[in-house]
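I have placed the structure first, in the form of structure tokens, so that the comments after it can refer back to it.
The values are calculated or read from the model by the stated rules, or taken from the named source; none is laboratory data. This structure is a prediction, so every number in the text was calculated from the model and none was measured. Note: ideal-geometry Cβ built from the backbone for every residue, glycine included; neighbour counts use all protein chains shown. What goes into the accessible areas is simple: the full protein's heavy atoms, side chains included, and nothing from ligands, DNA or RNA. Shrake-Rupley method; radii C 1.70, N 1.55, O 1.52, S 1.80 Å.
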Amino acid sequence: TVSPAGLVTGISQGSTQIAASAGGKSAIVPVTVNARPVSLVRVTPSTAAIFAGGTQQMTAEALDAGGATVTGRPVIWSTANAAIATVTSTGVVTGLVAGTVNISATIDGVAGASVVTVQPVPIASILLTPPTSSLIVGQSLQLAATPRDSNGTALAARALSWTSNSP
């Protein structure tokens, strides 16, 4: 818009022409209104903890230098280590293995990040095989222990310790 005093105010991104007229003469100046630049990208949550195989929805908010929200800009999501966690184009993070990774959102070249910690799936039970046994003095018996999650799925790479209540 332009005021009677010639003050031009950008309303939306685009190009226009502003004219001034007096005494039958006029002059035109082209004006380009640029989008407000992004100064900061805020990723929410800023930290998250998920289990391997679990997901977390992330959001990104673009802010201008005054702290006002800038809308309508595409977000590019990325992970610093795709072996620990992946992220979709819509900001859904999936934990793969235990570790910590930065998940970044980039808007107009400005990046913000969240720190995601992927934790191993908790052990819900341990399956021992054989379930019962007997020995003769001097004999040995090899036992096997399989940690399992709450669905009964075997969990690999878990440290086990063995004890006897009557050594």
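Picking from residues in region 53-88 that are under 13 Å from Ser104 (Cβ atoms) and of a type in the set (Gly, Ala, Ser), the one that is surrounded by the fewest Cβ atoms within 10 Å (Cβ to Cβ) is Ala82.
Among residues of region 68-80 being in a loop (DSSP other than H, G, I, E, B) and modelled with pLDDT of 95 or more, the one that is nearest to Gly53 (Cα to Cα) is Ala80.
This table checks each residue for (1) assigned to a loop (DSSP other than H, G, I, E, B); (2) closer than 30 Å to Val43 by Cα.
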residue: Ala82; (1), (2): yes, yes
residue: Ala111; (1), (2): no, yes
residue: Val116; (1), (2): no, yes
residue: Ile136; (1), (2): yes, no
residue: Thr146; (1), (2): no, no
residue: Arg158; (1), (2): yes, no
residue: Thr163; (1), (2): yes, no
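Among the residues of region 152-167, those that are more than 18 Å from Val97 (Cβ to Cβ) and open to solvent by 100 Å² or more (accessible area, probe 1.4 Å) comprise Ser161, Trp162, Thr163, Asn165, Pro167.
Selection of first residues in region 132-156 that are touching a residue at least 12 places away in the same chain (Cβ under 8 Å) and more than 12 Å from Pro122 (Cα to Cα) and of second residues that are open to solvent by 70 Å² or more (accessible area, probe 1.4 Å) and part of a loop (DSSP other than H, G, I, E, B), restricted to Cβ pairs under 7 Å at least 6 apart or on distinct chains, gives the following pairs, ordered by first then second residue: Ala145/Leu160. Given the residues Ala48, Ala105, which is the only one that is assigned to a strand (DSSP E or B) and within 29 Å of Ala154 (Cα to Cα)? Sole residue among the options that is assigned to a strand (DSSP E or B) and within 29 Å of Ala154 (Cα to Cα): Ala48. Taken residue by residue, region 86-98 has at least one member that is at pLDDT below 95, of a type in the set (Val, Ile, Thr), outside any strand (DSSP E or B) and closer than 18 Å to Ala49 by Cβ. Within region 135-151, can you find the residues that are under 36 Å from the mean Cα position of the chain (by Cα) and open to solvent by 70 Å² or more (accessible area, probe 1.4 Å)? Ser150, Asn151, listed by residue number.
The set of residues in region 99-135 that are hydroxyl-bearing (Ser, Thr, Tyr) and either touching a strand residue (DSSP E or B) at 6+ places or on another chain (Cβ under 8 Å) or at pLDDT 95 or above (or both) comprises Thr100, Ser104, Thr106, Ser114, Thr117, Ser125, Thr129. Within region 110-131, none of the residues are of a type outside the set (A, V, I, L, M, F, W, C) and on the phi > 0 side of the Ramachandran plot.
Within region 116-134, the presence of at least one residue that is open to solvent by less than 90 Å² (accessible area, probe 1.4 Å) and either closer than 25 Å to Ser39 by Cβ or among the aromatic types (Phe, Trp, Tyr) (or both) is confirmed.
Among the residues of region 1-35, just one is open to solvent by 100 Å² or more (accessible area, probe 1.4 Å), out of contact with any strand residue (DSSP E or B) (no Cβ under 8 Å at 6 or more places or on another chain) and not in a loop (DSSP other than H, G, I, E, B), namely Lys25. In region 105-115, of all residues being open to solvent by less than 30 Å² (accessible area, probe 1.4 Å) and closer than 9 Å to Ile76 by Cα, the one that is nearest to the chain's Cα centre (by Cα) corresponds to Ala105.
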